[in-house]
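The values are calculated or read from the model by the stated rules, or taken from the named source; none is laboratory data. This one's a predicted model, so the numbers in the text were calculated from it and none came from an experiment. Quick reminder, even Gly has a Cβ in these numbers, built from the backbone with ideal geometry, and neighbours come from all protein chains shown.
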Amino acid sequence: MAPTLYDVKPEPGDLIEIFRGTYQHWAVYIGDGFVVHMAPPSEVPGEGVNSMMSVLTEKATVKKEELWDVVGTNQWEINNSLDDKYEPRPVHVIVQEAIALVGEELPYCVFRGNCEHFVNELRYGKAESRQVRKAGEAVMMAGVAAAIGFGVVALAGALFGGSKKEERNKSTQ
């Protein structure tokens, strides 16, 4: 039998990854059923969680809310996957700093300062976003594929394009 949401027991300091469809939202669990998260306008109830407004905003508010209110009907998981790369900070420091930031309005940038950067900074002292890195790699690969595709077309034109011109020249002689 698959575990339900109620079978999952996060510990204070755990990072919570929430799957919103086109992107993931991140929060840090602080205990007693609460999380702290950086909420751009797209994460405000009634604003539409899949809105692309978060790409355009420059500020986000740090909020303390119940885990279930933030998760809603979305799937989620505990994701401390950077533990193998960085040493997590002490739990009391993570929780204390998260609570101290509640109510603050922070600069928001989907590429340099999003909710994943925020929680990784709290847990590891390193603002990092795998989502942004993966998106950057995808864009780079698309660029490489486009360049290769253009190169193949140019090569094909160079190899096979001249033959029609030669045939035309032969037929007019």
Considering only residues that are in contact with a Gly (Cβ under 8 Å, 6 or more places away or on another chain) and modelled with pLDDT under 95, which ones fall in region 19-49? Ser42, Val49
Go through region 64-123 and give me each residue that's on the phi > 0 side of the Ramachandran plot and modelled with pLDDT of 95 or more. Gly103
